[in-house]
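Structure first, commentary second.
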Amino acid sequence: MFTGIIQSKSLSAKLVKKSFGAELIVSVESGFTKNLKKGDSVAVNGVCLTVCSFSKKTIKFEIIHESLRLSNLVKNISMPLKSWKIFKNGRRN
């Protein structure tokens, strides 16, 4: 369960098909990844995802087919990204 609050809105996102499902790369505001660690949980538009890797301005997630099928991520990739809400599990800045 997420106990954090919405801390950022995505600046852009890219979904790349992979054999296991897809890779999602989300651009975030400066400073969002400051205390982030590989393996942390991040909610992206209400979907809990595990951080695979990150840089100062992007976070990469790997999403399996079942999660893509049951979530709104594929549909929302085409939505304006200002509507994507992102927050970290239990972290408040």
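The values are calculated or read from the model by the stated rules, or taken from the named source; none is laboratory data. This structure is a prediction, so every number in the text was calculated from the model and none was measured. Methodologically, a virtual Cβ is constructed for each residue, glycine included, from the backbone with ideal geometry; neighbour enumeration extends over all protein chains shown. Heavy atoms of the whole protein, side chains included, go into the accessibility calculation; ligands, DNA and RNA do not. Shrake-Rupley method; radii C 1.70, N 1.55, O 1.52, S 1.80 Å.
Here C52 meets each of (1) at pLDDT below 90; (2) touching a strand residue (DSSP E or B) at 6+ places or on another chain (Cβ under 6 Å); (3) not hydroxyl-bearing (S, T, Y) with one exception, condition (1). Restricting G46, G21 to those that are open to solvent by 30 Å² or more (accessible area, probe 1.4 Å) and at positive phi reduces the list to G46.
In region 16-31, the qualifying residues are those that are among the polar types (S, T, N, Q) and assigned to a loop (DSSP other than H, G, I, E, B), and the one that is farthest from L73 (Cα to Cα) is S30. Looking across region 55-93, the residues that are out of contact with any Asp or Glu (no Cβ under 9 Å at 6 or more places or on another chain), modelled with pLDDT of 70 or more and more than 12 Å from K14 (Cα to Cα) come down to S55, K56, I64, H65, E66, S67, L68, R69, L70, S71, N72.
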